[in-house]
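The block underneath contains the structure these notes are about, expressed in structure tokens.
The values are calculated or read from the model by the stated rules, or taken from the named source; none is laboratory data. The structure displayed is predicted, hence computed values, not measured ones. Cβ placement follows ideal geometry from the backbone for every residue including glycine, while neighbour counts extend to all protein chains displayed. Protein only, heavy atoms only, side chains kept; ligands, DNA and RNA dropped before computing areas. Shrake-Rupley method; radii C 1.70, N 1.55, O 1.52, S 1.80 Å.
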Amino acid sequence: MTLLSCVYAKTRNVLKVQNLLGHCSQHLDKGETHQGPVVLGIAMVAIAEELGLEMEIRSLEHLLQYGEQNIRRAIPFALGLLYISNPKVNVQT
């Protein structure tokens, strides 16, 4: 998942974001921890898109509310990636 996320970084591919969100909705067995890098991958794909930024913020808020613990741990890093070149003061979790 990490390599796949790096391949699609800054491509603004909405279908890839939906695919990655689908990976976040799966429940993990013991010993599996691939959902944290998937959350970072969502941010990397949408990093250069101004209009999709708000959609990604809403998606991350839903993951923060309903996601598992390893997803919630990766969300602050994903928010940092989304606003790395365009900082805003109103980003809060």
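Normalised by 2.2 N^0.38 Å, where N is the number of residues, the C-alpha radius of gyration of the chain stands at 1.00. Only one residue of Ala43, Ser5, Ser85 has its Cα farthest out toward the positive end of the dipole of the chain, where Lys and Arg carry +1 and Asp and Glu -1 on Cβ, and that residue is Ser85. Basic side chains Lys and Arg get +1 at the Cβ, acidic Asp and Glu get -1 at the Cβ, and with that the dipole of the chain about its Cα centre reaches some 120 debye.
Taking a point 7 Å out from the Cα of Leu4 in the direction of its Cβ, the residues of the range 31-52 whose backbone N falls within less than 17 Å of it are 32-46. Calculated accessible area for the chain comes out at 64 Å² per residue, all protein chains present (probe 1.4 Å; ligands, DNA, RNA ignored). Per residue, the chain reaches -19000 deg cm²/dmol at 222 nm when only DSSP H runs of four or more residues are counted, each adding -39500 (n - 2.57). Other residues lying with their Cβ under 15 Å from the Cβ of Asn19 contribute a combined charge of +1, Lys and Arg counting +1, Asp and Glu -1. Relative to the longest principal axis of the Cα atoms of the chain, the long axis of helix 14-24 lies at roughly 40 degrees. Taking the C-alpha atoms only, the angle from helix 35-45 to the longest principal axis of the chain is near 20 degrees.
Which value, in debye to the nearest 20, gives the size of the charge dipole of the range 15-59 about its Cα centre, when Lys and Arg are +1 and Asp and Glu are -1 at the Cβ? Each step should come with its number before you reach the end.
Numbers: 3 positive and 6 negative charges, 30 e Å.
So the dipole magnitude of the range 15-59 works out to roughly 140 debye.
Between the Cα long axis of helix 51-66 and the first principal axis of the chain there is an angle of about 30°, rounded to the nearest 10. With all protein chains in place and a 1.4 Å probe, the accessible surface of the chain carries 56 percent carbon and sulfur. Centre-to-centre separation between the Cα atoms of the range 61-87 and those of the range 5-50: 11 Å.
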